[in-house]
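For reference, the structure discussed in these notes is given below.
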Amino acid sequence: MSEQLSLLDFKLQNIEERETKQQQNIQKELEEQKIKEHLSKKSTAELALILRAICHPKPDFGDGNTWRGYYLEEFSRRGKQFLIDLNWPIERDSLYVNLHTGCIKTLGVELSGICGNKEGYEHVWAIIEHWEPYRKDKPNTYLIKHLQDKIKTEKENLEKCSKGECSHGMGINTEKKMAKEALRNAEIELHSERCRIKNVFSNFN
């Protein structure tokens, strides 16, 4: 008799656990739907501003550390329309500049590299977060800053080499040679960008 009761209790406990888990899943789905509806009402400009300012946006309500996943899902849902709403070019050969390195690529090349889909805009969030339309008539301030930081770093590396210190464990002579080459290339590229700017403004005037 006691064994039968124990088996019955075990079955009842399993039923209660399943029901509890089902209720939790339902609650989670309702919360996720509420978040998605909330983000769908935000303007494109607001979503873009938040994602570019905060890599992992905080929740507007509820629990959790970040809503990044929900943001990216909303970006993917809007797709190409996101760029249109921002008045950003959507042609695949449009030039975009990277906010971190100042390198320039076409929209099509970057989208293809991100998602492997030559026609898709599912990963448009990566464009919004790390790129913006390139203006040939404006200084590439992102490139200038990147090169200035690069020049500073390589000069510091050369200073360490002069003191007999290795930064990367490849030997003084090797690291000195690499630092000199990197420094020279960065200085050449920076000079080229500054000359381009002068020519742009000279033609403009």
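If you build a Gaussian network model of the chain, linking Cα atoms that sit under 10 Å apart, which residue out of Glu129, Glu31, Glu74 swings the most? Comparing Glu129, Glu31, Glu74 in a Gaussian network model of the chain, the most mobile one is Glu31. In segment 90-133, Cα pairs under 8 Å separated by at least six residues give a relative contact order of 39 percent. Calculated [222 nm] ellipticity per residue, helices only, for the chain: -22500 deg cm²/dmol; basis is -39500 (n - 2.57) per DSSP H run with n ≥ 4, divided by all residues, nearest 500. A Förster radius of 35 Å combined with the Cβ-Cβ distance from Thr141 to Phe61 puts the calculated FRET efficiency at roughly 0.40. For the pair Glu46 and Asn25, a Förster radius of 22 Å applied to the C-beta separation gives a FRET efficiency near 0.10, rounded to the nearest 0.05. Whole-Hz Karplus values for segment 135-142 come out as 10, 5, 8, 10, x, 7, 5, 5 Hz, taken residue by residue from phi with 6.51 cos²θ - 1.76 cosθ + 1.60 and θ = phi - 60°; glycine and proline positions read x. Beyond 19 Å in Cα-Cα separation lie the following of the pairs Lys34/Lys58; Lys105/Lys198; Lys155/Lys176; Lys152/Lys180: Lys105/Lys198.
Computed from the alpha carbon atoms alone, the convex hull of the chain holds 235 Å³ per residue. The mean sequence separation of alpha-carbon pairs under 8 Å and at least six residues apart, normalised by the residue count of the chain, gives a relative contact order of 14 percent. The rule of thumb for compact globular proteins, 2.2 N^0.38 Å, goes into the C-alpha radius of gyration of segment 141-204 1.39 times.
The ellipsoid that matches the Cα gyration tensor of segment 41-100 has semi-axes, each √(5λ) in whole angstrom, of 24, 13, 9, with the longest given first. Near the amide H of Trp131, within less than 5 Å, lie the amide hydrogens of Leu99, all on another chain or at least 5 residues away, with H placed in the peptide plane.
Peptide packing for 55-62, 105-112 was compared via the average number of neighbouring C-beta atoms within 10 Å per residue; ordered from the highest value, the list is 105-112, 55-62.
Rounded to whole numbers, the Karplus 3J(HN,Hα) couplings from phi for segment 148-158 are 4, 5, 5, 4, 4, 4, 5, 5, 5, 5, 5 Hz, using 6.51 cos²θ - 1.76 cosθ + 1.60 with θ = phi - 60°, and x at Gly and Pro.
Scaled against 2.2 N^0.38 Å for its residue count N, the alpha carbon radius of gyration of segment 90-133 is 1.00. Between Glu122 and Lys152, the FRET efficiency estimated from the beta carbon spacing at R0 = 41 angstrom works out to 0.60.
Values quoted throughout were computed directly from the atomic coordinates according to the rules given, and no laboratory measurement underlies them. These numbers come from a predicted model, not from an experiment. Positions of Cβ are generated from backbone atoms using ideal geometry, with glycine treated the same way; all protein chains shown enter the neighbour counts.
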